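Everything below concerns the one structure shown next.
Values quoted throughout were computed directly from the atomic coordinates according to the rules given, and no laboratory measurement underlies them. Computed from a prediction, not measured in an experiment: that's the story for all the values here. Heads up, the Cβs are rebuilt from the backbone with ideal geometry, glycines too, and the neighbour counts pull from every protein chain shown.
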Amino acid sequence: MINVCNENIQYNESILVCVFYGPNSERLIKRGCAIANIMKAPLYILTIDPKPFDALDAEKLLFIEQWKDYAHSHATAQFIMKDNESRPVYKVIAEVARENNITQIILGQTAHSRWEQITKGSIINSLVREIPFVDLHIVSVARYIRDEEGNYQKGVRAYLIKDGKQYQLSFSHGKETEFEGIFFKEVDTDFDNGIFRFIRDASTLHVLVNEGIVTELTNVDMNTVLGLTDAFK
């Protein structure tokens with residue numbers, strides 16, 4: 001854990017940003033930095049992984065190094081990693097919040113559809129029950145991608161519906177909806193071809209859509225698709 005906070009200073013507010021592997025993490029941290037600067041509050045950046053640190057792959061380690069750099073760049077920041085965790089995510093977040101007197105928590109929009117939230121509950125509902133004294137800020141999935149060549153239209157809300165071994169793209173929410181996200185349609189096409197961005201198991205994924213069909217939920221490297229090299233674009 002990186003600790004660059006002055007523990008002798010007392011703060012009225014403390015900000016906790018919960019990040020997971022994916023491009024949305026940068027937006028969450030920037031939001032946290034902005035709130036921390038306005039409130040003159042310490043900033044904590046938390047990530048949780050069920051695997052031990054030594055078992056993480058190179059891509060995850062790259063994100064962790066980026067998050068550490070963000071912590072270094074903020075005058076009152078700490079980076080906290082909880083690895084080898086078998087407990088529910090909300091339990092770990094609540095524990096960290098209590099230990100650090102957190103008053104504001106920032107996290108990404110959950111992947112659950114409205115139907116799943118009704119039937120199974122969500123991490124947001126669990127946090128509200130676990131730590132009702134903390135304010136929650138939910139940052140939605142980004143509706144844009146860095147597309148310098150202009151190959152994709154502005155993102156629109158869309159849904160994936162299970163259809164056998166594949167998924168159908170839909171623009172209306174229903175009971176059968178399995179995933180909710182943002183669809184970026186390719187320009188100059190009459191078909192629904194493009195990229196569907198959504199959150200699954202707390203990670204942001206991008207999958208290919210071909211004529212309104214997603215054949216598999218395999219994450220594509222958007223840096224390669226868009227010809228970028230910055231992992232956070």
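With both labels modelled 7 Å from their Cα along Cα-to-Cβ, the LYS162 to ASN125 distance reads 1.9 nm. Would you list which lysines come within 19 Å of LYS82, measuring only between C-alpha atoms, while excluding same-chain residues fewer than 8 positions from it? Partners within reach: LYS51, LYS60, LYS68, LYS91. The HN-Hα couplings worked out from phi for the stretch 206-218 by the Karplus form 6.51 cos²θ - 1.76 cosθ + 1.60 (θ = phi - 60°) are 10, 10, 7, 10, 10, 6, x, 10, 10, 7, 7, 8, 9 Hz, whole numbers, x standing for Gly and Pro. Here the stretch 156-226 is treated as a Stokes sphere of Kirkwood radius computed over C-alpha pairs; at 37 °C and 0.692 mPa s its diffusion coefficient rounds to 268 µm²/s. With the cut-off at under 18 Å, measuring from each backbone N in the stretch 180-200 to a point 7 Å along the Cα-to-Cβ line of ASN210 picks out 184-187, 189-197. Gain on full extension, evaluated as 0.36 nm per residue between GLU186 and LYS68 minus their Cα-Cα distance, stands at 39.0 nm. Working ranking of peptides 162-172, 39-49 by packing, defined as the average number of other Cβ atoms within 10 Å per residue, highest first, is 39-49, 162-172.
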